[in-house]
Amino acid sequence: MKQKNPVLHLVNEIEIPKWLLFFSVLLSVIGSIFQLIVPLFTQNIVDNFSEVIKNKYYIIVFVFIFLLSSILNGLSIYLLTKLGENIIYSLTNKVWNHILRLKTSFFDKNSNGELLSRIIDDTKSINSFITEIIPSFFPSIIVLFGSIFFLFMLDWETALIALISIPMYVILIIPISNVMQKLSYKTQLETAKVSGVIAHVLSKIKLVKLSNSINKEFRQTNSYLRNIYYLGVKEGVINSIVVPLSTLIMLVSMGGVLGFGGYRVASGAISPGTLIALIFYMTQLTDPIEKISSLFTGYKKTIGASQRLSEILSEEKENLQNNNLNILNSVDLSFNNVSFSYDENNHVFTNLSFTIPKNKITAIVGPSGSGKTTILNLISRLYEIQSGSIKYGTNSIYDYSLVNWRKNLGYVMQNSGVLNRTVKSNITYSLQETPCIEDIIYYSKLASTHDFIMKLPNDYNTLIGEKGINLSGGEKQRLDIARNFIKTPGILLLDEATSNLDSESEHKIQESIKNVSNDRTTIIVAHRLSTVLKADKIIFIDNGEITGMGTHEELLARHSKYKNMIELQQLK
């Protein structure tokens, strides 16, 4: 299968305002045509100065064309700038909207900093190519061939001398464009890597400081920065060769035109005005040749910048709205011969089967790494199983639209998810409409959060800071619990929901969980077994296999590993 061109793929993914592009290019083209007329006016002024100076209309037309050319070029620059901002906006929106809808496994393989680099840096590179290089191509072609036409029209012999530079430019540009593509792609990769490292270190800055790892992290980042530095130097070396060489080629051509053209004037073959016009057209060849050559180098660089963006847009998204099947709660949730692995080397379950009874509290316990959290991730459909089935009643959970399924689901995760927003915004984050303050306070009290919220500077309107820096671990956890309580979900998942709480708060949360679980299915994962002692059903999982199921008393009587864990935690 033929690989898609990444630049064309991205262009097809966004809606470019064609009328804006058309008018900006049209204005540039008209300005280029006027640019071609100016040397002819100059020729006539030089050769017929005494007559032209008496003709005020000729002078007015000349000045008008000169000014109009400048005005049209200015308007073209404005429209191209507007077009560029439109493309950046559309492309960034497209990529960001796509990334938000990608499967969780994608984020397991890509760092946040790298993705940020793709969204910001790569879109700018692509915008530069589309709005600066491509639009200049058409007027450059007109100026190039128009100048060549007038050169031959004025004096074909001198024109041949002037055109020596064109094949020399072509020979120079083709190999350089291939080198520039490779350098650009490597630079984009290294930039994305260093962005990823910096973002990761900043997110764990306290650990870095406490581990005395500042120099270690600096050295790692510095290695990427040096790679970017060396790649930039290589690009500078190429430019240091290309720019002077291009100037030399142009000077040789210009010298040839002046020398041969002067000889033609001296012999009477052409007039002085014609020579000046020839020099004008000769100088006009330089800019379009450079812009046309930059099209090739710019295109190669843009391929490097757009390749990864194109790969991201090709990633499969989650199917959020696959059907409108209504979710009927008060039914059992069952795993039937489920097999799952995060990747080829990380196999978790094989033919796992168990049932979670409706409207009951079910606890999943076991050693670390046995697969407890993975079960909750599968229920919440953050990951998809490889084989078997997970059913809610008689229907597979995959029969429901993902939006409706997660709307019916509350999930308090191990690392309390809090946002740099107000307390109120955090509690109501999962809701489409903000409820009244009375409801917010009710569920806050249920999650034992109301008292500490009222002690904050602006109570429910207090900003909690980046990653909840203004709250303790237990406060963030209770805030997360309140957010899931207020959803009133049919299924409530609690993963180490009380791990950061003191004994008094833990007892209150246990009572709250019991109260809100009367009419919903609640699944608790916990290492602290005091949280699960009163669960209606306890499932013991060890190394991806179910080794025991029953009440606390039943497991205590016949499951040695569960009994050992209870004794270690000094529970009865």
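The values are calculated or read from the model by the stated rules, or taken from the named source; none is laboratory data. In this text the structure is predicted, and so the values were computed from the model without any measurement. Every residue, glycine among them, receives a Cβ derived from its backbone with ideal geometry; neighbour counts consider all protein chains shown. To get the accessible areas, we keep the full protein, side chains included, count just its heavy atoms, and leave off ligands, DNA and RNA. Shrake-Rupley method; radii C 1.70, N 1.55, O 1.52, S 1.80 Å.
Observations
- Long-range neighbours under 7 Å by Cβ, at least six apart or interchain, first residue of a type in the set (S, T, N, Q) within region 41-61, second modelled with pLDDT under 70: Asn44/Val52
- Selection within region 415-439 - part of a helix (DSSP H, G or I) and either open to solvent by 50 Å² or more (accessible area, probe 1.4 Å) or touching a residue at least 40 places away in the same chain (Cβ under 8 Å) (or both): Val423, Lys424, Asn426, Ile427, Ile437, Glu438, Asp439
- For region 394-414, a residue qualifies if it is outside any strand (DSSP E or B), open to solvent by less than 30 Å² (accessible area, probe 1.4 Å) and over 22 Å from Ser339 (Cβ atoms), and the qualifying residues are Ser401, Asn408.
- When the residues of region 208-257 are filtered to those that are among the hydroxyl-bearing types (Ser, Thr, Tyr) and in a loop (DSSP other than H, G, I, E, B), the one that is nearest to Leu275 (Cα to Cα) is Ser213.
- Inclusion of Ser136 among residues that are in contact with a Lys or Arg (Cβ under 7 Å, 6 or more places away or on another chain), modelled with pLDDT under 75 and buried (at least 19 other Cβ atoms within 10 Å of the Cβ) is warranted.
- One residue alone among Leu494, Leu529 is over 40 Å from the mean Cα position of the chain (by Cα) and under 24 Å from Gly369 (Cβ atoms), and that residue is Leu529.
- Qualifying residue in region 483-506 (condition: free of Cβ contacts under 8 Å to residues at least 12 places away in the same chain, open to solvent by 20 Å² or more (accessible area, probe 1.4 Å) and either part of a helix (DSSP H, G or I) or touching a Pro at 6+ places or on another chain (Cβ under 8 Å) (or both)): yes
- Residue list for region 317-341, filter: modelled with pLDDT of 85 or more and within 30 Å of Ala192 (Cα to Cα): Ser341
- Residue count for region 339-378 under the criterion of being among the aromatic types (Phe, Trp, Tyr) and open to solvent by 30 Å² or more (accessible area, probe 1.4 Å): the result is 1.
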